[in-house]
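The next block holds one structure in the form of structure tokens; read it before the comments.
FYI, it's all coordinate maths here, none of it is from the lab. Because the structure is a prediction, the values reported are computed rather than measured. Glycine also receives a Cβ, built like all others from the backbone with ideal geometry; neighbour counts cover every protein chain displayed.
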């Protein structure tokens with residue numbers, strides 16, 4: 001993977017949604033999206049609130065500047081409304097690996113096909129533009145909805161990192177690790193395309 005290519009901001013366009021580079025001006029729209037379901041109250045994940053949105057965006061932009069992340073906002077193509085956020089992160093250019101994470105959507109967009117298309121766009125960019133050999137997903141052991149959604153994509157569970165790190169409340173978190181590797185991508189792509197076209 002070429003690190004310059006990785007750092008290049010890009011727009012990923014689908015039928016339902018478009019992924020646009022995250023900018024500071026998106027703060028209010030992201031808070032509005034997260035308020036649908038008061039997503040910041042979920043204890044097993046970190047979704048920004050009005051108090052944390054500036055820090056959330058600055059970390060994402062700083063990680064991009066350091067070559068560690070490519071953050072996006074998720075835009076509904078019908079309404080042009082920002083409905084969530086996601087990013088490519090934990091870049092390992094020397095190992096041609098990337099993680100897809102920090103993904104969340106306004107509650108009314110959950111289980112609507114938005115996540116399938118977002119992940120399709122990110123995976124296609126990772127495997128076909130960045131030429132990674134593996135795309136990784138990580139989630140909290142107790143985030144059963146996220147774990148099921150990742151498995152539905154076609155990712156395989158690699159394992160569980162016990163007492164992996166402390167969460168925002170100071171509790172040690174077990175992290176479940178999934179991945180899709182390069183030779184699996186054609187089949188996963190076919191599966192996701194089938195699901196999106198049903």
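Answer rounded, prolate or oblate for region 80-134, using the Cα gyration tensor with square roots of eigenvalues a ≥ b ≥ c: rounded when a/c is under 1.5, else prolate when a/b is larger than b/c, else oblate. Here region 80-134 falls in the prolate category.
Report note on the peptides 161-170, 107-116: ranked by the mean count of other C-beta atoms within 10 Å, highest first, their order is 107-116, 161-170. First check a/c for region 111-187, with a ≥ b ≥ c the square roots of the eigenvalues of its C-alpha gyration tensor; if it is under 1.5, answer rounded, and if not, answer prolate when a/b is larger than b/c or oblate otherwise. Prolate, because a/c is 1.5 or more and a/b exceeds b/c.
Based on the alpha-carbon gyration tensor of the chain and its eigenvalue square roots a ≥ b ≥ c, which shape applies: rounded if a/c is under 1.5, prolate if not and a/b is larger than b/c, or oblate? Note, shape of the chain comes out rounded. The helix-only estimate of mean residue ellipticity at 222 nm for the chain, built from DSSP H runs of length n ≥ 4 each weighted as -39500 (n - 2.57), is -9000 deg cm²/dmol after division by the residue total. Sorting 58-67, 81-90 by average packing, meaning the other beta carbons within 10 Å per residue, from highest down gives 81-90, 58-67. Relative to one another, the C-alpha centroids of region 90-116 and region 8-38 are positioned 12 Å apart.
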